[in-house]
Amino acid sequence: MNHKKILAVGLAAVMTVGAAGSMTVSAADNETEKITFVLDWTPNTNHTGLYVAESLGYFEDQGLEVEIVQPPEGGADALVASGRAQFGVSFQDSMAPGVAGDNALPTTAVAALIQHNTSGIISRKGEGMDTPKGMEGKKYATWDGPIEVAMIQNVVEQDGGDFSKVEMIPSTVTDEVSALESGSVDAIWIFYAWAGVKFELTGAETDYFAFKDINPVFDYYTPVVIANNEFLEEEPETAKKFLTALRDGYEYAIENPQEAADILCEAAPELDPELVLASQEYLKDQYKAEVSQWGYIDPERWNAFYEWLNENGLTEAEIPENVGFSNDYLPE
């Protein structure tokens, strides 16, 4: 469930996608409007509200028929940019190369699925990696993405460490628990709502630090719902109806984690019900966190992360303020 891998192997495909096809999805009165939504990864608790909205008829109540599809290797950005999907799941960091400049993609983040960045570094307990400086002399599994590496360097150096002493090894991790237990790596970038909770369920003793706790600029938005720009322009009311139903799905998941977990497991029976429920209990307080409006994207936090990328030369084109997102389509 780590989008860093998708970004590393699929960025070229995303950047070469051109707009194709008509985005008109409107239907005659009393007819269902069809929407395609592409995931970022296999179904997991980041997506629970989507499956709740489908299962409980929230999309149908809005006159929508939603098809949920798996992503291609390049991630959701490619399908949404091309017009073959109206909505999908992406991440503010992986959106960065396509937000501005000659290679800008025709997509916009229209809702935050989780209010804060819950990712960080997990390691075996007691080996000194409860803070970034402890990564000195240890093996970190990297996808060698420019933003990823720059973030690791930043947190290590902010903690007084020497980044050159971190052993960056190509990641082949498919299961974080077994990778740490085997000793093949010492430190792994995870999203706590899934992999962190999984470690808890196994009883494994670990240390962990979150990126946002080391440098607040890393409290960016991951994941987000993106939409095709042409679709937003041509069908703004349909976009609002979709996000209203999606909001209702996530509000239900917040209030009813057990029932929401059951709905996700019914849609994706390959998932471990114990992990899904534990993850759902964790995320019920993360979907909205302290904000009153589901999906809200704070312009200050959005801009702060992209300004950090600009300052560190991590984008080909400078990203202006307030580009790449909109709160205009969110339900009140």
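Label-point separation (nm) for H116 and E281, each offset 7 Å from Cα along Cα-to-Cβ?
Reported label-point gap for H116 and E281 is 2.0 nm.
Once fully extended, how much extra length lies between E73 and I169, figured as 0.36 nm per residue of separation less the alpha-carbon to alpha-carbon distance?
Length gained between E73 and I169: 32.3 nm.
So which of K241/K284; K133/K288; K212/K240 end up more than 25 Å apart, counting from Cα to Cα?
As for pairs spanning more than 25 Å Cα to Cα, those are K133/K288; K212/K240.
Working from Cα positions, state the angle (0 to 90°, nearest 10) between the long axis of helix 299-311 and the longest principal axis of the chain.
Its long axis makes an angle of about 50 degrees.
Please list, in order, the residues from region 184-201 whose amide nitrogen is less than 19 Å from a point placed 7 Å along the Cα→Cβ vector of E274.
Residues 193-201 qualify, since their backbone N sits under 19 Å from the label point.
Could you look at the chain and say what percent of its accessible area is carbon and sulfur, using a 1.4 Å probe and all protein chains?
45 percent
Where does the chain land at 222 nm, in deg cm²/dmol rounded to the nearest 500, when only DSSP H runs of n ≥ 4 count, each adding -39500 (n - 2.57), divided by all residues?
Taking each H run of at least 4 residues, the total per residue is -11000 deg cm²/dmol.
Extending each Cα 7 Å along its Cβ direction at E234 and T202, get the distance between those two points in nm, one decimal.
My value for the distance between the label points is 4.7 nm.
Quick check: convex hull over the Cα atoms of region 116-181, volume per residue in Å³, rounded to an integer? Can you show the working numbers first?
On the way: hull volume 6.8 nm³, N = 66.
Enclosed volume per residue, from the Cα hull, is 102 Å³.
Solvent-accessible area per residue for the chain at a 1.4 Å probe radius, Å²? Each step should come with its number before you reach the end.
Details: 13660 Å² over 332 residues.
Heavy-atom accessible area per residue stands at 41 Å².
For the chain, give me the percentage of DSSP beta bridges that are antiparallel, rounded to the nearest 5 percent. Numbers along the way, then the final one.
Values: 19 of 33 bridges.
Approximately 60 percent, going by the DSSP bridge assignments.
Quick one: grab the alpha carbon gyration tensor of region 206-332, order the square roots of its eigenvalues as a ≥ b ≥ c, and give me rounded if a/c is under 1.5, else prolate or oblate depending on whether a/b is larger than b/c. Could the numbers behind the result be given before it?
Details: a/c = 2.15, a/b = 1.25, b/c = 1.72.
It comes out oblate by the Cα gyration axes.
Could you tell me the distance between the Cα centroids of region 99-163 and region 186-242, to the nearest Å?
Region 99-163 and region 186-242 have Cα centres spaced 12 Å from each other.
So how much slack lies between E65 and K125, counting 0.36 nm per residue of separation and subtracting their Cα-Cα distance, in nm?
Answer, rounded to one decimal: 16.9 nm.
The values are calculated or read from the model by the stated rules, or taken from the named source; none is laboratory data. Everything quoted here is computed from the prediction, not taken from an experiment. Positions of Cβ are backbone-derived with ideal geometry, glycine not excepted, and every protein chain shown enters the neighbour counts. Side chains included, ligands, DNA and RNA excluded: accessible areas come from the protein's heavy atoms. Shrake-Rupley method; radii C 1.70, N 1.55, O 1.52, S 1.80 Å.
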